[in-house]
Amino acid sequence: MDFDADFLSEYYKAVDILTRERLDRLKKRQKVDSTSNRAGERLVSYKVVCHYCQEEFSAKSNAAKTCSDRCKKRLSLERKEAKRWFEGNKEPIQEFNETVNKL
């Protein structure tokens, strides 16, 4: 079965959005600075790349994914949209996967 360019484009875009987080976890986060505050707590900052805008930023937490609340919201909306697209195109996706698995 032939798949049109729009379907393939949307498919690969949605797959990229939903797998980006798992792939980015593999990238090492660089520890930039380590200091102590008055209470003696160790404060560490990390150099991280934002999952949405791809800009490098300094994060206080090793779990930080986005540089701002704005990027966090946009990333969330982008992921929801990709999931909705997958839900609405189950049959063509299944046909596509079957075609690819036959190769």
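The values are calculated or read from the model by the stated rules, or taken from the named source; none is laboratory data. These numbers were taken from a predicted model, which means no experiment stands behind them. Glycine also receives a Cβ, built like all others from the backbone with ideal geometry; neighbour counts cover every protein chain displayed.
Tell me which residues, restricted to the range 1-58, are closer than 23 Å to GLU87 by Cα and modelled with pLDDT under 65. Correct list: MET1, ARG22, LEU23.
Report, by residue number, each residue of the range 71-85 that is closer than 17 Å to ASP16 by Cβ and touching a Phe, Trp or Tyr at 6+ places or on another chain (Cβ under 9 Å).
If we filter the range 71-85 for residues that are closer than 17 Å to ASP16 by Cβ, which is where we start, we get 71, 74-85.
The answer is CYS71, ARG74, LEU75, GLU78, TRP85.
The set of residues in the range 51-79 that are touching a helix residue (DSSP H, G or I) at 6+ places or on another chain (Cβ under 9 Å) and either touching a residue at least 60 places away in the same chain (Cβ under 8 Å) or among the aromatic types (Phe, Trp, Tyr) (or both) comprises TYR52, GLU78, ARG79. Scanning the range 39-87 for residues that are hydrophobic (A, V, I, L, M, F, W, C) and part of a helix (DSSP H, G or I), we see that the one that is farthest from PHE7 (Cα to Cα) is CYS71.
Looking only at residues of the range 51-70 that are touching a Phe, Trp or Tyr at 6+ places or on another chain (Cβ under 6 Å) and of a type outside the set (Val, Ile, Thr), we find that the one that is surrounded by the most Cβ atoms within 10 Å (Cβ to Cβ) is CYS67.
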